[in-house]
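Here the structure comes first, spelled out in structure tokens, and everything after it is commentary.
The values are calculated or read from the model by the stated rules, or taken from the named source; none is laboratory data. This one's a predicted model, so the numbers in the text were calculated from it and none came from an experiment. Every residue, glycine among them, receives a Cβ derived from its backbone with ideal geometry; neighbour counts consider all protein chains shown. Note: accessible area is taken over every heavy atom of the protein model, side chains too, but ligands, DNA and RNA are not part of it. Shrake-Rupley method; radii C 1.70, N 1.55, O 1.52, S 1.80 Å.
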Amino acid sequence: MANVAEQRAHAPEPEATLTASAAEVMELILQATAVIFANGETTEQTVAAARQIGHAFGYRATLIPRWDQLAVRLDGPDGVHHDVLAVAPAGIDMNKVLLGEGAIDALREHTVPVEALRSRLARIASLPPVAPGRFVLTAAIGAAALAVVYGAGHLATLGLVAGTGALVRRGLAKVSSNLFVQPFCAAFLAGLIAGIAGQFQLGVEPALVALCPCMLLVPGPHFLNGLIDLVRARVAIGASRIAFALLVAAAISAGLLLGLSAGGASFPVSLPSRRLGLPLDVIAAGFAVSAYGRFYSMRWRHLAIPIAIGMIAHGLRWSAISLGATAASAAFLACLFVGVIVTSVANRLRLPYAALSFAAVVSFIPGVFLFRVTAGMVQIAQLGDTASPTLVSMVAGDGATAILILVAMGCGLIAPKLVAQR
């Protein structure tokens, strides 16, 4: 069954009843699509929004999204018009997407004047991010919940994985607009704390102290949006999204390894072997999902839905592994469930699909394998020909495991959405 958004995008549209000049329509299209495109909406929905706005005024609008700009072609009775706007889809803000989609719906349904709509879109674009106190608390809850999921056995660990990095990120946002400085510095701080904790033997798990804060920085929604674009043959924007996500991941890895080195430690080989029971795993997963939902500015009244989906998904993954499934196949099963449910929910709530689905499965990301691969590659580069075969095989094995899990997650999450849209 086709989902609601696709029905709206492809159903016959009403006759245009609004009037405005081509320049005004062009400016409105760019303003509206920039709000949702810059904050995590899929490329397909952004293009559909531009087409719908143009049709409301009797124009045929074609939006061409690129990583650093939106280009619009407007065909109408008065000729062909072109314009571009510089904007990058580097943010994730569910609230802005929800409000932006609502504003576009109001225009299509002819329930708001054009000038009022432009003022409304300007207010949406200028909305501040999550308040600093809430941001720090959310990061602390998310990191602590992930630590529990990964087997934390000491309360001191949960204290050390709190929101110190969130304070650093919010402070850096005021002095630098570089998209990689914040994750690099936050990861560096996590590695430094983990190294010092390991050196002084504070009775904590250094792997979790280093890993959990860095997991909060992983740009999962950009990976998923990039995969969706590639599947739809939007190669340029899809490759750009994935390249951006990989650069952020590289900045996180570099910061973490430098922080560990400054703290006099190397990246821990493995996570704690403590295995959680199903109830504790599901409860901790619920806290992690709630933290990510708030991290992405999701409204409180909507938060219960991804929490429930994420908790059930974690239960499925736990059960699959208990029955002997591999990590990759268990992740695929859980993500397939999330994809099926979120495909409908995201369109009904008008929330960005990638951000909503990733929040439910963030703890499935093979962060420890990715960071170990980076650390191993650095060692191989330093040792050169003297690198041991064991080290090379370990890096290859960790890399293969991480790739399999990531591919399984991506396929599980986006397959239901693509099938439903067919």
For L167 and D75, extending 7 Å from Cα along the Cα-Cβ vector and measuring point to point gives, in nm, a value of 5.8
Which angle from 0 to 90°, rounded to the nearest 10, does the C-alpha axis of helix 300-322 make with the longest principal axis of the chain?
-> 40
For the range 334-411, with equal point scatterers placed on the C-alpha atoms only and solvent neglected, what are the log10 I(q)/I(0) values from the Debye formula at q = 0.15, 0.18 1/Å, to two decimals?
-> -0.62, -0.74
Could you give me the ³J(HN,Hα) list for the range 385-391, computed from phi with Karplus coefficients 6.51, -1.76, 1.60 and θ = phi - 60°, whole Hz, x at Gly and Pro?
-> 5, 8, 4, 6, x, 4, 5
Reported label for calculated semi-axes √(5λ) of the Cα gyration tensor in Å given [x] 41, 22, 20; [y] 43, 27, 17; [z] 119, 29, 19 = [x]
Residue by residue through the range 330-342, the couplings from Karplus 6.51 cos²θ - 1.76 cosθ + 1.60 with θ = phi - 60°, in Hz, x for Gly and Pro, are 5, 5, 4, 4, 5, 5, 5, 4, 4, x, 4, 6, 5
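If the only charges are +1 at each Lys and Arg Cβ and -1 at each Asp and Glu Cβ, what is the size of the charge dipole of the chain around the Cα centre, to the nearest 20 debye?
The dipole of the chain has a size of about 700 debye.
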Given the candidates L257, A143, I403, the one whose Cα lies deepest towards the positive end of the charge dipole of the chain, counting +1 at each Lys or Arg C-beta and -1 at each Asp or Glu C-beta, is A143
Helix 43-56 sits off the longest principal axis of the Cα atoms of the chain, rounded to the nearest 10 on a 0 to 90 degree scale, by 20
Calculate what fraction, in whole %, of the accessible area of the chain sits on carbon and sulfur atoms when a 1.4 Å probe is rolled over the protein chains.
-> 66
Which one of I341, V35, I104 has its Cα pushed farthest toward the positive end of the charge dipole of the chain, where Lys and Arg give +1 and Asp and Glu give -1 at the Cβ?
-> I341
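Determine the per residue accessible area of the chain with all protein chains present and a 1.4 angstrom probe, expressed in square angstrom. Write down the numbers at each step before the final one.
Working: 17900 Å² over 422 residues.
Spelled out: the 1.4 Å probe surface of the chain, per residue, equals 42 Å².
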Based on the Kirkwood radius over alpha-carbon pairs, what is the Stokes-Einstein translational diffusion coefficient of the range 42-192 at 4 °C with 1.567 mPa s viscosity, in µm²/s?
-> 69
For the chain, longest principal axis from Cα atoms; helix 181-199 axis from its Cα atoms; angle between them, nearest 10 degrees, is 20
The whole-number value in µm²/s of the Stokes-Einstein translational diffusion coefficient for the range 269-422, with Rh from the Kirkwood sum over alpha carbon pairs at 10 °C and 1.306 mPa s, is 95
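If you place +1 on the Cβ of every Lys and Arg and -1 on the Cβ of every Asp and Glu, how big does the dipole about the Cα centre of the range 290-394 come out, in debye to the nearest 20?
Details: 7 positive and 1 negative charges, 125 e Å.
That gives a dipole near 600 debye.
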What spacing in nm lies between the two simple spin-label points modelled at A88 and T390, each 7 Å away from Cα in the Cβ direction?
-> 4.3
Residue-normalised 222 nm signal for the chain, counting each DSSP H run of n ≥ 4 as -39,500 (n - 2.57), nearest 500 deg cm²/dmol, is -23000 deg cm²/dmol
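What does the C-alpha gyration tensor say about the overall shape of the range 31-115? Classify as rounded when a/c is under 1.5, otherwise prolate if a/b is larger than b/c, or oblate. It would help to have the intermediate numbers written out before the result.
Details: a/c = 2.32, a/b = 1.20, b/c = 1.92.
Here the range 31-115 falls in the oblate category.
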Pop out the ³J(HN,Hα) list for the range 136-143 in order, Karplus 6.51 cos²θ - 1.76 cosθ + 1.60 with θ = phi - 60°, rounded to Hz; leave Gly and Pro as x.
-> 5, 4, 4, 4, 5, 5, x, 5
